[in-house]
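The values are calculated or read from the model by the stated rules, or taken from the named source; none is laboratory data. Everything numeric here is computed off the predicted structure, so don't read it as measured data. Backbone-built Cβ (ideal geometry, glycine too); neighbour counts: all protein chains shown. Quick note on the areas: whole protein, heavy atoms, side chains included, nothing else; ligands and nucleic acids left out. Shrake-Rupley method; radii C 1.70, N 1.55, O 1.52, S 1.80 Å.
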Amino acid sequence: LDTGNFNYANVQGANGEDIRFFETAGNGGGALNYFIETWNNTGTSLIWVMLPSIPASGTVDFEIHYNDAGTTTSGANFAATFPNAYVSSGNATLTGTQTFDWFEVQAGDTITVGAGSPFVVNARRVIVDGTIDGIGAGFQAPASSNNGTGPGGGLFGTSSGASGGGYGGDRGGYGGDRGG
């Protein structure tokens, strides 16, 4: 919502306490869970609404209700809107593919990426105010006179030296060759 498309003067309370969201009557008319991420009655507000599903046609109709002087308590509910949320509360190590509704690394917190595995986050909202540290999380160096480890690890050859890893290809060439 912003002042160009929404009249904040009609909302009760300083933080949108009387705002509610509902499915349209044709979609069942039920109340929808929502979360007010930011409220700014002189600018732009960001509100997340949990829809039951989006049909193949790609549209869903829902309504916003407000201007109810009898409503003084917010109906916004973070946990109901983002039931599978990760919000850091200190330092942690994560690895592999992580799927969340909301992924947040708070200021002062560090997520360390586990070694030898990619770290992928799939989420509707990603906030990183802290640190994600992947130093040393790549594939380990090979023992002397061995092929490199991991994708693009390079090859060792006794007659032509060794190769480096490639960028954008599957590996570097043998020593003396140009990398892939």
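State whether the residues of region 9-32 include one that is buried (at least 19 other Cβ atoms within 10 Å of the Cβ), small (Gly, Ala, Ser) and at pLDDT 95 or above. Within region 9-32 (the criterion being buried (at least 19 other Cβ atoms within 10 Å of the Cβ), small (Gly, Ala, Ser) and at pLDDT 95 or above), the answer is no, since none of the residues qualifies.
Within the option set Asn40, Asn15, being closer than 22 Å to Phe82 by Cα, touching a residue at least 24 places away in the same chain (Cβ under 8 Å), part of a loop (DSSP other than H, G, I, E, B) and more than 22 Å from the chain's Cα centre (by Cα) holds for one residue only, Asn15. Taken over region 67-90, the criterion of being open to solvent by 60 Å² or more (accessible area, probe 1.4 Å) and at pLDDT below 95 is satisfied by Asn67, Asp68, Ala69, Gly70, Thr72, Thr73. For a quick check of your reading of the model, give me the residue pairs whose first member lies in region 112-131 and is over 17 Å from Gly90 (Cβ atoms), whose second is part of a strand (DSSP E or B) and small (Gly, Ala, Ser), with beta-carbon atoms closer than 6 Å and at least 6 apart or on different chains. Close Cβ pairs (under 6 Å, with a partner that is part of a strand (DSSP E or B) and small (Gly, Ala, Ser)) amount to Ser117/Gly96. Based on this model, can you work out whether Pro55 counts as modelled with pLDDT under 90, under 24 Å from the mean Cα position of the chain (by Cα) and open to solvent by 50 Å² or more (accessible area, probe 1.4 Å)? For Pro55, the condition - modelled with pLDDT under 90, under 24 Å from the mean Cα position of the chain (by Cα) and open to solvent by 50 Å² or more (accessible area, probe 1.4 Å) - is met.
One residue stands out among those in region 91-142 that are among the charged types (D, E, K, R) and not in a strand (DSSP E or B): the one that is surrounded by the most Cβ atoms within 10 Å (Cβ to Cβ), which is Asp109.
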